[in-house]
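Undergrad: Shown below is the structure under consideration.
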Amino acid sequence: MKKTTMLHLTAALLLAPLLSAQAPMVPAAMLGSPGGAAAAPAATAATAATLAAGAVAPDFETLDINGQTVRVSDYKGKILILDFWATWCGPCIASFPHTDEVAAKYKDQGVVVLAAGTSDTIEKFKEWIPKNQPKYPNLRFTFDTKERGSPDFENRASAKLYRVKGIPTQFIIGRDGVISAVVVGNSPGDARAEAALAKLGVKVDAATVAKGEAQLKESAEAEKQRAAELARLAANPPPPFMTDLGRLKGAAALPDFLLATADGKPAKLSDFRRGKPMIIGLWSAGNGPGDAFLARWNGLAKAYADQVDFLGIGGYDSLEALQGWMAKNKELSFRVAHDGLGKLTPPAKSREQMSPEELKAETARSRAFYDRTISMQIGGVLTPVPTTIAMAADGTLIGWSAGFGPNYGETIGNLLLRAGVKLAAADMPKKVTTDAELKAFNDERAARSSAPRVKMLEPGAVAPDFTTTDLSGKPVKLSDYRGKVVVLDFWATWCGPCIASMPHSQEVAAKYKDQGVVILASCTSDTRDKFESWVKANQAKYPDFVFSHDPAERGADRASAKLYGVGGIPQQFIIGRDGKIAATVTGYLAGEVLLDAALAKAGIKVAPEILAKAEIDQKKRDAMR
């Protein structure tokens, strides 16, 4: 399916439910890109590196389920595997069978495992441990009393003493109390801990040691690459705003687009201009831009009213919804308008109930609606909400930015400076973006976009192997799953359709895992921080996913683009046991069973009625082209 078609399609069918949420949502994060086991990040503010081999293991107290104090120093003279975990951490729980096997295998040589719970509540530990301890007789379960939500949470041992970034993390501690190795993440087949034990004099068979040493080397190399990429981004951060908005290039005049006043009268942008620069905000009419965004705008609009105008435009909802929002937010320091479109009337039938012909007509109707939205009028693109657009006094585009976050101060500060506003010291950005930096960024982006694109791989092609990293930094290769049927799912945290597709993909994974189906959810075109935050919050919903992250992030070397030719996400490649691509699935719409049918092409047994429905689903896709 063509990328442009899916953009309109997803906007029409996914935007309405997204905008009903309380928080500002991202309607344009749809199909299309922006320019072993995992480990969950443990909540911590620590920025220093995790305690490494060669350091003395700090002593600290935990409690067991009976209230007995257990210290690291209690095991001096033993070889201790200190395993930090939490009840909410899926990878931690998944690692216990393997860790228990290791503990049982080497306990006669003085190896013990202290499973020290962290970053969780005492209530959760007291509930989980009694239920599960019998499964793992060789693990000593305890918990840190500095529980999540307590005043001294930041002083818990995992964060303050060991500076752990993700769990499960294991510290292999020698009989002398010195850390011999650190193993982040753990799964069946992981021999890193055993290789570390061998270095401490434990008798481990040579093949296991060799395997573990190779895995430790791979982990170190992956961490080195990640550190290099982070250093590169720190040295050359992207500008906090963009100069081109779709087809509207920087310094070009904004069109005199149509909108409406807050009382519903037809208007144009020119009706709101007063000879000053203008900051335009686009957001959901009923939900607004969010409290933090609103507070920032109110403060700036009031402080610099003599130098710049602020105009908030509510869209994707009715005029009444906008007026209701305004009634709840009476102390506004800026003017507000409506996009004049209102809310797209929902169709009488659901997409599942429509025939292909009816769906074709509905697609045309919704496309016509979204083509008249403000950002489409300006630049021919649907932007996320909230969107901030800076316009000079002469009506030309200064720049724009999507969303709101910790870096918004840098964004709005730079845009205001470029508009000629004299800012107070408190409102100045930490770094003023120069024209040279913008040019370098735009030139690099232009070079990437003009470079010959790799054609997306088709069924029959051999799936290229590549390496990503899980939450712990442990390497994850496609070839790790040779002999399985792999659903290679390229996704990103900012991609609404990607997230919307995951519940169905989880259902499919659970249904067919007994036939050897695995989902490798490879995060692409996204930052490491956002990947870690999202997976921590959501991994429990998707127990049959293997989540990993491409350290190339949005770079040209990311596997999705360089090796597979992906131009939009979500994009799934179904890879057979022979390593060849058996089928592809582009995008996702609720109720579709195209993934099931694609698995059938890889030899998976799928019920005939599901295959029949997939044929109808494909006809509907074709109708929406």
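Undergrad: For K217 and A590, what does the FRET efficiency come to when R0 = 45 Å and r is the distance between their Cβ atoms, rounded to the nearest 0.05?
TA: Plugging the Cβ-Cβ distance into 1/(1 + (r/R0)^6) gives 0.55.
Undergrad: Bins of 5 Å, beginning at zero and ending with the bin holding the largest distance: percent of Cα pairs per bin for the stretch 175-299, please.
TA: Cα pair-distance distribution for the stretch 175-299, in percent: 2, 7, 10, 10, 10, 8, 5, 5, 6, 6, 7, 7, 6, 5, 3, 2, 0.
Undergrad: List every residue whose amide H lies under 5 Å from the amide H of M456, counting only residues 5 or more places away in sequence or on a different chain, with H placed 1.01 Å from N in the peptide plane.
TA: Amide H neighbours of M456: none.
Undergrad: Taking every DSSP beta bridge that has both residues in the chain, what percent is antiparallel when rounded to the nearest 5?
TA: Percent antiparallel among DSSP bridges in the chain is about 60.
Undergrad: Right, next: For the chain, what is the accessible area per residue in Å², given a 1.4 Å probe and the full set of protein chains?
TA: Computed with neighbouring chains in place, this is 44 Å² per residue.
Undergrad: So, one more: Using amide H atoms built in the peptide plane, which far-off residues or other-chain residues are under 5 Å from I519 H to H?
TA: Amide H neighbours of I519: V487, V546.
Undergrad: Projected area of the stretch 518-625, taken from the Cα convex hull and averaged over every viewing direction, in nm²?
TA: Over all viewing directions, the stretch 518-625 projects a mean Cα-hull area of 8.0 nm².
Undergrad: Test of understanding: express the Cα radius of gyration of the stretch 271-317 as a ratio to 2.2 N^0.38 Å, with N the residue count.
TA: It is 1.19.
Undergrad: Under 18 Å between alpha carbons, and skipping anything fewer than 8 positions from K105 in its own chain: which aspartates and glutamates qualify?
TA: Partners within reach: D83, D190, E194, D205.
Undergrad: If I compute solvent accessible area with a 1.4 Å probe over the protein chains, what percent of it on the chain is carbon and sulfur?
TA: Carbon plus sulfur share of accessible area: 55 percent.
Undergrad: Moving to a separate point now. Based only on the alpha carbon positions, what is the Kirkwood hydrodynamic radius of the stretch 419-482, in angstrom?
TA: Radius from the Kirkwood sum: 17.2 Å.
Undergrad: Can you tell me the equivalent ellipsoid semi-axes for the stretch 314-464? Use √(5λ) from the Cα gyration tensor, largest first, whole Å.
TA: In descending order the semi-axes read 35, 30, 14 Å.
Undergrad: If the reach is capped at under 17 angstrom between alpha carbons, list the aspartates and glutamates near K124, excluding any in the same chain fewer than eight residues apart.
TA: K124 reaches D64, D144, E147.
Undergrad: What is the set of long-range amide H partners of G399 at a cut-off below 5 Å, with H atoms built 1.01 Å from backbone N?
TA: Amide H neighbours of G399, under 5 Å, 5+ apart: A390.
Undergrad: Further, regarding this structure: Of the trypsin sites (Lys or Arg not before Pro) in the stretch 276-347, which ones lie in a loop per DSSP and count no more than 12 other C-beta atoms within 10 Å?
TA: Of the trypsin sites (Lys or Arg not before Pro), the ones in loops of the stretch 276-347 whose Cβ has at most 12 other Cβ atoms within 10 Å are K330.
Undergrad: To continue, here is another question. Which whole-Hz ³J(HN,Hα) couplings does the stretch 205-214 yield from phi under the Karplus relation 6.51 cos²θ - 1.76 cosθ + 1.60, θ = phi - 60°, glycine and proline marked x?
TA: Whole-Hz 3J(HN,Hα) from phi for the stretch 205-214: 5, 4, 5, 5, 4, 4, 5, x, 5, 5.
Undergrad: Out of every Cα-Cα pair in the chain, what percent are more than 40 Å apart?
TA: Of the Cα pairs, 38 percent sit more than 40 Å apart.
Undergrad: Between the stretch 477-543 and the stretch 403-453, how far is it from one alpha carbon centroid to the other, in angstrom?
TA: Computed from Cα coordinates, the inter-centre distance equals 33 Å.
Undergrad: Follow-up question, since we're still on this one. From the backbone phi of the stretch 393-400, what are the Karplus-calculated ³J(HN,Hα) couplings (6.51 cos²θ - 1.76 cosθ + 1.60, θ = phi - 60°) in whole Hz, Gly and Pro given as x?
TA: 4, 8, x, 8, 6, 8, x, 8
Undergrad: Sticking with this one: Give me the number: length gained by fully extending D465 to D205, i.e. 0.36 nm times residue separation minus the C-alpha to C-alpha distance, one decimal in nm.
TA: 90.7 nm
Undergrad: If you don't mind, another one. Cysteines of the chain lacking any other cysteine beta carbon under 4.7 Å?
TA: When partners are defined as cysteine Cβ atoms under 4.7 Å apart, the chain leaves C523 without one.
Undergrad: Which whole-Hz ³J(HN,Hα) couplings does the stretch 574-591 yield from phi under the Karplus relation 6.51 cos²θ - 1.76 cosθ + 1.60, θ = phi - 60°, glycine and proline marked x?
TA: Karplus-based 3J(HN,Hα) across the stretch 574-591 equals 8, 10, x, 5, 8, x, 9, 6, 8, 6, 10, 10, 9, x, 7, 10, 3, x Hz.
Undergrad: List the lysines whose alpha-carbon lies under 17 Å from that of K513, not counting same-chain residues fewer than 8 positions away?
TA: Hits, sequence-local ones excluded: K484, K541, K601, K605.
The values are calculated or read from the model by the stated rules, or taken from the named source; none is laboratory data. If you're wondering where the values come from, they're calculated on a predicted model, not measured in any experiment. Positions of Cβ are backbone-derived with ideal geometry, glycine not excepted, and every protein chain shown enters the neighbour counts. Heads up: the accessible areas ignore ligands, DNA and RNA and are worked out on the full protein's heavy atoms, side chains in. Shrake-Rupley method; radii C 1.70, N 1.55, O 1.52, S 1.80 Å.
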